[in-house]
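*Asks:* Take this structure, written in structure tokens, and hold onto it; I'll ask about it next.
Since every read-out is calculated from the coordinates, none of them should be taken as a lab result. Please read all numbers here as calculations on a predicted model, not as lab measurements. Ideal geometry is used to build each Cβ from the backbone, glycine not excepted, and the neighbour counts take in all protein chains shown.
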Amino acid sequence: MKMGRGRTSRIRRRKLFRSSVSRGVNESHKPEFIELKKWLKDRKFEDTNLIPACFPGTGRGLMSKTSLQEGQVIISLPESCLLTTDTVIRSYLGAYIAKWRPPPSPLLALCTFLVSEKHAGDQSVWKPYLEILPKAYTCPVCLEPEVVKLFPQPLRAKAEEQRARVREFFSSSRGFFSSLQPLFSEAVGSIFSYRALLWAWCTVNTRAVYVKQRQRRDFSAEPDTCALAPYLDLLNHSPRVQVEAAFNEETRCYEIRTASSCRKHEEVFICYGPHDNQRLLLEYGFVSIHNPHACVYVSEDILVKYLPSTDKQMNKKISILKDHDFIENLTFGWDGPSWRLLTALKLLCLEAEEFTCWKKVLLGEIISDTNEKTSLDIAQKICHYFIEETNAVLQKVSHMKDEEVASTNQLTLVETLWTEELKILQASALILNSLQTPFR
Ligand SMILES: C[S@@+](CC[C@H](N)C(=O)[O-])C[C@H]1O[C@@H](n2cnc3c(N)ncnc32)[C@H](O)[C@@H]1O
């Protein structure tokens with residue numbers, strides 16, 4: 001097909017591009033959404049702005065029915081639709097929670113309620129909501145160990161910590177689950193299994209909104225701030241939108257006001273926070289393409305690996321960086337090496353006779369051309385090392401996909417993370433090249 005060059009064809013092409021990027025397939029006719037809408041209507045919520053839809057790239061989400069203006073409240077969900085610890089305390093679980101010592105955490109109360117209501121099936125008044133919840137999650141704690149081993153180092157450590165935390169959450173909750181036996185005809189061990197608790201934990205962690213509850217004696221001292229918000233929790237994340245979201249004490253509704261406009265039939269996004277991709281994967285189980293907050297982390301070992309091993313002041317320099325909180329969060333981003341990374345490198349590259357100037361380096365002063373050049377050269381070497389490492393991992397992932405060593409979806413997730421990191425490193429290498437030019 002021949003592409004036109006005129007204004008009309010440009011507009012047509014732009015429209016086509018827009019529709020292929022963001023157009024979703026309406027899912028409001030699906031039985032689970034019809035049931036959910038009825039359930040919400042009984043609780044005095046009717047949506048005029050949004051409809052459930054499936055989108056290329058982001059999956060299931062909400063689509064605008066009409067165009068949405070900046071500053072408009074896009075959704076206002078009444079308190080009666082929210083699932084909070086208050087819901088749990090008012091339920092058949094309330095008396096058991098009040099009796100249990102030490103008091104269970106608010107998170108355990110929510111997870112127990114979810115597992116118990118899921119088990120109740122048709123008998124649960126929450127069934128229409130439970131039916132639309134994902135059956136499985138992609139947070140690191142749910143991924144196969146072969147896939148977690150492919151993560152970049154800082155994320156791998158956090159993923160292992162997450163797995164240990166959820167295991168501990170399960171083992172420390174078993175006594176409480178046993179105390180619930182009078183409520184069930186089946187053995188509680190089979191209802192409150194590790195799998196069931198993991199599902200509930202991921203549901204709360206990936207979907208809950210912040211609603212501060214009053215402190216209750218029935219619960220441990222952990223903050224009680226999570227609420228599940230049916231339907232509203234179908235909104236996907238975009239790092240490029242701004243929203244105001246909070247529980248409105250006057251209207252007694254959880255409200256989201258958008259600061260970005262949205263065209264009719266486009267996906268409506270909220271922002272979960274200015275998170276980089278490693279954090280999005282850790283907490284929500286996905287990676288955002290072209291995420292402006294995405295970055296590649298440089299650890300202390302990598303810094304040291306590229307510095308001269310003959311430097312007698314190296315240990316002192318490293319401890320200065322640690323004392324001044326300059327050893328963590330050293331990154332490459334879309335704009336090149338971060339200011340923190342370059343500053344740390346400048347300090348580490350100080351010549352013996354410049355060492356007394358270390359405070360000036362931390363304040364952002366230029367010490368010498370040699371110091372500027374050496375630190376940029378090392379940043380470039382680290383960047384190239386990361387590019388090679390990233391390419392090697394991407395090749396390994398591709399082989400694993402061919403050989404079906406692990407789930408393809410999980411391998412694609414980790415592949416997307418590394419592909420985004422590669423793009424950042426390539427952009428950084430170019431920027432570093434231009435920064436090095438004056439010193440050549
Ligand atoms: C609050 S839910 C949003 C609705 C969810 N997509 C659903 O179908 O139920 C959060 C989850 O949605 C997915 N998600 C959110 N934003 C996304 C995005 N930009 N791209 C891909 N997945 C996204 C992730 O799985 C995340 O854990």
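*Asks:* Residue separation times 0.36 nm, minus the C-alpha to C-alpha distance between T48 and T412: what's the value?
*Replies:* 127.4 nm
*Asks:* Quick one: net charge of I75's neighbours, Cβ under 15 Å, K/R +1, D/E -1?
*Replies:* Surrounding charge for I75 is +1.
*Asks:* Right, next: State the Cα centre-to-centre distance between region 160-181 and region 223-247 in whole Å.
*Replies:* 27
*Asks:* In debye, nearest 20: dipole of region 160-219 around its Cα centre with unit charges on the Cβ of K, R (+) and D, E (-)?
*Replies:* It comes to approximately 280 debye.
*Asks:* What does the charge dipole of region 83-228 about its Cα centre add up to, to the nearest 20 debye, if the Cβ of each Lys and Arg holds +1 and the Cβ of each Asp and Glu holds -1?
*Replies:* With only Lys, Arg, Asp and Glu charged at Cβ, the dipole is about 280 debye.
*Asks:* Another one. Treat each spin label as a single point 7 Å out from the Cα along the C-beta direction, and report the A95 to L362 distance in nm.
*Replies:* Once both label points are built, they end up 6.1 nm from each other.
*Asks:* Relative to the longest principal Cα axis of the chain, at what angle does helix 31-42 sit, 0 to 90 degrees, rounded to 10?
*Replies:* Tilt of helix 31-42: around 70 degrees.
*Asks:* State to the nearest 20 debye the size of the charge dipole of the chain about its Cα centre, where the only charges are +1 on K and R beta carbons and -1 on D and E beta carbons.
*Replies:* 1400
*Asks:* Shifting gears a bit: Among V73, V125, V204, which one shows the highest mean-square fluctuation when the chain is modelled as a Gaussian network with alpha-carbon springs under 10 Å?
*Replies:* V125
*Asks:* Here is a further query. Specify the angular offset, from 0 to 90 degrees and rounded to the nearest 10, of the alpha carbon long axis of helix 194-207 from the longest principal axis of the alpha carbons in the chain.
*Replies:* With both axes taken from Cα atoms, the answer is about 70 degrees.
*Asks:* Check the straight Cα-Cα distances from K99 and name the aspartates and glutamates below 19 Å, setting aside those fewer than 8 residues away within the same chain.
*Replies:* Straight-distance partners of K99: D86, D218, E222, D224.
*Asks:* Would you please name the GluC sites (Glu not before Pro) within region 239-315 that are DSSP coil residues with at most 16 other C-beta atoms within 10 Å of their C-beta?
*Replies:* E249, E250
*Asks:* At each listed q (0.07, 0.10, 0.12 Å⁻¹), what is the log10 of I(q)/I(0) that the Debye formula gives for the chain modelled as equal alpha-carbon point scatterers?
*Replies:* The calculated log intensity ratios at q = 0.07, 0.10, 0.12 Å⁻¹ are -0.47, -0.89, -1.14.
*Asks:* For region 395-406, in order, what is each residue's ³J(HN,Hα) by Karplus, 6.51 cos²θ - 1.76 cosθ + 1.60 with θ = phi - 60°, in whole Hz (x at glycine and Pro)?
*Replies:* 5, 4, 4, 4, 5, 5, 5, 4, 8, 6, 5, 9
*Asks:* Of K316/K360; K158/K322; K149/K423, which pairs sit farther than 25 Å apart, going by alpha carbon to alpha carbon?
*Replies:* Violating the 25 Å limit, Cα to Cα: no pairs.
*Asks:* What lysines does K65 reach when the alpha-carbon gap must be under 21 Å and sequence neighbours fewer than 8 apart in one chain are set aside?
*Replies:* Once the sequence-local lysines are set aside, what remains near K65 is K15, K30, K37, K38, K41, K44, K264.
*Asks:* Using the Karplus curve 6.51 cos²θ - 1.76 cosθ + 1.60 with θ = phi - 60°, work out ³J(HN,Hα) for each residue of region 264-274 in order, rounded to whole Hz, and write x for Gly and Pro.
*Replies:* So the J values, rounded to whole Hz, are 3, 6, 9, 5, 9, 10, 10, 10, 6, x, x.
*Asks:* Right, something else. When Lys and Arg each count +1 and Asp and Glu each count -1, what net charge do the other residues less than 15 Å away from I320, Cβ to Cβ, add up to?
*Replies:* Every neighbour counted, the sum reads +2.
*Asks:* Using only the alpha-carbon atoms of region 83-228, report the extent along each of the three principal axes, biggest first, to the nearest angstrom.
*Replies:* The principal-axis extents, from largest down, are 45, 32, 27 Å.
*Asks:* Summing Lys, Arg as +1 and Asp, Glu as -1, what charge do residues with Cβ under 15 Å from the Cβ of R252 carry, R252 excluded?
*Replies:* -1
*Asks:* Positive end of the charge dipole of region 241-362 (Lys, Arg +1 and Asp, Glu -1 on Cβ, about the Cα centre): tell me which of P337, Y297, T258 has its Cα farthest that way.
*Replies:* P337
*Asks:* By how many nm would the segment from N391 to S309 lengthen if fully extended, with 0.36 nm per residue of separation less the alpha-carbon distance?
*Replies:* Extra length available between N391 and S309 comes to 26.8 nm.
*Asks:* Assuming 0.36 nm per residue, please report the length gained on full extension of the stretch S67 to E353 beyond their Cα-Cα distance.
*Replies:* That pair, S67 and E353, stretches by 96.6 nm at full extension.
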